Amino acid sequence: MTPPLSSLRILDLTSGVSGPWCTKLLADYGADVIKVERPGTGDESRGHGPFTGGVPDRERSALFLWLNTSKRSITLDVQTPTGRDLALRLAAQCDAVVVDRSSHELERLRLNHEDFAAVNPSIVTTSVTAFGLTGPYADWRATNLTSYATGGQHYLTGDGDREPIQNGGYHALYQAGTWAFGATLAAVWNARETGVGQRAEVAGQEVMASILEIYMPDFAYRKAETLLTRRGNMATAVVGIYPVIDGHIGIHAMPKNWPQLLDSLDMHWMAEDERFKDNRARLRNNDELMAQLYIWTAGVTKAEAYERGGRYRAPISPVNTMADLLASPHLDARQFCREIEHPAAGAMQYPGSPARMPATPPQVRPAPLLGQHNAEVYDELGLMARDLATLAAAGVI
Amino acid sequence: MPDLSSPTSNLPLTGIRILDLTMVWAGPSGTRLLADMGAEVIKVESARSWDMLRSLHFLSGPPEQWWDKAAYFNHNNRNKYGITLDLQTPRGRELALRLAAMSDVVFENYRADVIGKLGLDYADLRAVKDDIILVSMPSHGKSGPESGNVAYGTNVEQLAGLASLTGYPGMGPHKSPIAYGDPNAGAIAAAAALAALLHRRETGEGQHVEVAQWEAMIGNVGEFVLAWQMALADDPAADIDAWSERQRHGNRHFSRLQGVFACTGEDEWVAVSIGTDAEFSALCEAIGRPELARDARFADVVSRRHHQDELDATIVAWTRGRSQDEAADTLQAAGVAAAPVLKLQRLLYDRNLRARGFWETVSHAAAGEWDMEGPVWRMSRTPAHVRISAPMFGEHNRWVLGELLGLSEAEIAALEAEHVTAREPQAGVHS
């Protein structure tokens, strides 16, 4: 049982979150990912805290350890002519190269798709950037916050009477990475069918702008602005987050879930109440419905609410913390997390892969130490040990 | 024949056929990605089991043929073909199996137990096509003590821990404005289907892929799962609720000076994100306060974080007199990461997206003409566009049943008479 992408080899020229998340998915599902890091410092996420032991250490960053499992790390300065030449020699053996720089930078480095295609006509060049390779924002500086801001979701997140907020972590960057993962596979599929590669481009802004649920489609179609406000934690009384005794729960009940929700709440009288008799009435009496829900939630724990939701098949869920995830009996029964022992950071529980492929299960290895695979990767390229010493002395690797 | 006026022969996934049993958002957003790339996606609905998005149209009346006019449905199902087939009837199931036998991938996002009750589980599909790929997308997965639970997109981010990390400083957990779990699971499922296809290409073997939407979201907060374990290792008495609250810092960041700042105009904001000392100097220069770059209170990343409230006040004093575009342009020109927090009214006309041709005008026989986001996977040699508008209810019955399955006119008429197929959805199913 080999992982599904065992026949793929990927050259990874990215750093940070988007590109590394894309190539982590490729690597965990079996692709041989050669991660190119800057000599000395490596991927910028190596400097991102927290760190095991609480002290900054390039081999102990939570973000780096998470985003770089199963890859092989080499050091290589692609800004030097020798480094560029070695990158192209590696690309000649790869199905895809993943880049996250702007078109101007790629031009300056002469590491565009055309440069890779010159040595490997079937190669796919996946570009993952905040704003795309073209357009007026192409050279803009970007972080997760600016990608979130320009994608539309930011404006809609938070309370109407306060500033908009982003959601926790790096979701605009993660989404760009997830979509780059799929785009890479679609282009590789096509390259295998036709023998010809191409550039697959994913822009974070476009990813975010295309996942605006009903909001953007409805506005684009009707031009009505009625839905386009920040509505805080309550889209409606039955789509929102409520406080409970020991934390919070979420409810997301569609009209067809109403009977099951009443079963869970043990509030069957509401079925007979004119104010709540159908969806239209419930929306009209939203505040009164919300008041009823607050009364119920004030008397239950997260676990009790979730248990009742499960028993009656109503969409009620706990707002889980990281500790809840690690203690979840369901995830435990499904053996979701896996323990990974890293030589510098030690053993920790890592979340499992996002899609289960039991016939071809992923094989996940710890994130590499900086330059850990220099000897074997450069050996595969035909370099001698003494060549490596020369390259290291010159600062190329 | 469906409208094939735009040829699909030069798209990345030309030749792949997908039987799509999914509805609402998670599944359809995944099959849309593959449909955009040229896969032939056949979406199956029935009179009593139709896609709920058809009812979310917000049109007054409601108008005639409302089920074909919901923008939410029409966005998520463009580039697909649509048929009606009641899978709860023996004849409907039999025809679905015949379609599966001609397909490469079957997608379903039913509750965990439904596909088995329909007699269309992996073993059933495999019996008619040995190398079939089935992608299942139940919220909690198909095994485990909670597999019978029901969850939608906002539940998914709550289950996955994201909501516990989102919120204003000092306040409780916050939800995303969208059913965020859905498109996340969709993008993962589409990629997983491609991984399974690549594996089939190498080995000839199909497989059953399972995307539990809850699990598919946890990876997006993976570094927090590790970070909490690091915190516990440092202090075994660490309190998860206090730790979670510290992660909820609105727009702020633990090592960057960042936030959103009010501009001229109602509810208009510019996002600014500063990392290095050089970026901070550039900001001070751009807002006409160069002396702040030499101020001891703001000398380095750590002191800037300690004094962020003062800096926020300084920045907003400058942004308040400027439009969000002017503020972003000025700061970007100075070398600072800044961007407008775009309202959707502006996003539709955003100069970057317009210059890149992101919005495409579509024409739909029942719903008319409007702008829709184009395919997000941008291929340089095989560029994709919106080729066909979303299927009207049962629009491609005749093509699929007649041309693909080879049924006679009489057989097709009999299916309709027996209510296996339908031309209109039953009202009231989703109200």
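The values are calculated or read from the model by the stated rules, or taken from the named source; none is laboratory data. The model shown is predicted, which means the values in this text are computed figures rather than measured ones. Cβ: placed from backbone, ideal geometry, glycine included. Neighbour counts: every protein chain shown. For accessibility, only protein heavy atoms count, side chains too; no ligands or nucleic acids. Shrake-Rupley method; radii C 1.70, N 1.55, O 1.52, S 1.80 Å.
Summary table below
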item: Flag if B:ALA317 is among the aliphatic types (A, V, I, L, M), under 26 Å from A:ARG230 (Cα atoms), open to solvent by less than 40 Å² (accessible area, probe 1.4 Å) and not in a loop (DSSP other than H, G, I, E, B); result: no
item: Test result for B:LEU194, closer than 23 Å to A:TYR242 by Cα and either open to solvent by less than 10 Å² (accessible area, probe 1.4 Å) or under 20 Å from the mean Cα position of the chain (by Cα) (or both); result: no
item: Failed item in (1) open to solvent by 10 Å² or more (accessible area, probe 1.4 Å); (2) free of Cβ contacts under 8 Å to residues at least 24 places away in the same chain, with A:HIS330 passing the rest; result: (1)
item: Single unsatisfied condition, B:GLU205 versus (1) among the charged types (D, E, K, R); (2) in a helix (DSSP H, G or I); (3) open to solvent by 10 Å² or more (accessible area, probe 1.4 Å); result: (2)
item: Subset of segment B:278-300 (residues that are surrounded by 13 or more Cβ atoms within 10 Å (Cβ to Cβ) and either assigned to a loop (DSSP other than H, G, I, E, B) or on the phi > 0 side of the Ramachandran plot (or both)); result: B:ILE287, B:ARG289, B:ASP295, B:ALA299
item: Residue list for segment A:53-71, restricted to those being open to solvent by 10 Å² or more (accessible area, probe 1.4 Å) and either within 13 Å of A:ASP43 (Cα to Cα) or not assigned by TED's automatic domain parsing to the domain that holds A:PRO121 (or both); result: A:ASP57, A:ARG58, A:GLU59, A:ARG60
item: Search result, residues across segment A:333-357 that are in a loop (DSSP other than H, G, I, E, B) and within 7 Å of another protein chain (Cβ to nearest Cβ); result: A:ARG334, A:PHE336, A:PRO351, A:GLY352, A:PRO354, A:ALA355, A:MET357
item: Matching residues in segment A:363-397 - criterion: being open to solvent by 30 Å² or more (accessible area, probe 1.4 Å) and either within 30 Å of the chain's Cα centre (by Cα) or on the phi > 0 side of the Ramachandran plot (or both); result: A:GLN363, A:VAL364, A:ARG365, A:PRO366, A:LEU369, A:LEU370, A:GLN372, A:GLU376, A:GLY382, A:GLY395
item: Odd one out for B:GLY170, checked against (1) surrounded by fewer than 24 Cβ atoms within 10 Å (Cβ to Cβ); (2) more than 30 Å from B:GLN247 (Cβ to Cβ); result: (2)
item: Tally, over segment B:326-380, of residues that are open to solvent by 10 Å² or more (accessible area, probe 1.4 Å), facing another protein chain (nearest Cβ under 9 Å) and among the acidic types (Asp, Glu); result: 1
item: Looking only at segment A:162-183, and only at residues there that are at the interface with another protein chain (Cβ under 7 Å from one of its Cβ atoms) and aromatic (Phe, Trp, Tyr), the one that is surrounded by the most Cβ atoms within 10 Å (Cβ to Cβ); result: A:TRP179
item: Residue match in segment B:107-116 (condition: of a type outside the set (D, E, K, R), in contact with a His (Cβ under 8 Å, 6 or more places away or on another chain) and either touching a residue at least 40 places away in the same chain (Cβ under 8 Å) or surrounded by fewer than 24 Cβ atoms within 10 Å (Cβ to Cβ) (or both)); result: yes
item: Output for segment B:241-273, where each listed residue is outside the structural domain of B:VAL341 (by TED's automatic domain parsing), in contact with a helix residue (DSSP H, G or I) (Cβ under 8 Å, 6 or more places away or on another chain), part of a loop (DSSP other than H, G, I, E, B) and in contact (Cβ under 8 Å) with a residue 60 or more places away in the chain; result: B:ARG248, B:ARG252
item: Output for segment B:163-183, where each listed residue is within 7 Å of chain A (Cβ to nearest Cβ), touching a Pro at 6+ places or on another chain (Cβ under 9 Å) and not β-branched (Val, Ile, Thr); result: B:ALA163, B:SER164, B:LEU165, B:GLY172
item: Hits in segment B:43-61 - residues which are within 12 Å of chain A (Cβ to nearest Cβ), of a type in the set (Gly, Ala, Ser) and part of a loop (DSSP other than H, G, I, E, B); result: B:SER49, B:SER60
item: Elements of type helices (runs of 4 or more DSSP H) contained in segment A:224-332, each with 1 or more residues being within 14 Å of chain B (Cβ to nearest Cβ); result: A:258-265, A:279-284, A:286-297, A:302-312, A:322-327
item: Which listed residue, of B:GLY186, B:GLY219, B:GLY204, is modelled with pLDDT of 95 or more and touching an Asp or Glu at 6+ places or on another chain (Cβ under 7 Å); result: B:GLY204
item: Residue among A:ILE316, A:ILE295 that alone is open to solvent by less than 10 Å² (accessible area, probe 1.4 Å), closer than 30 Å to B:SER244 by Cβ and not assigned by TED's automatic domain parsing to the domain that holds A:THR146; result: A:ILE316
item: Index of the failed condition, B:SER176 passing every other in (1) closer than 26 Å to B:ARG304 by Cβ; (2) not in a helix (DSSP H, G or I); result: (1)
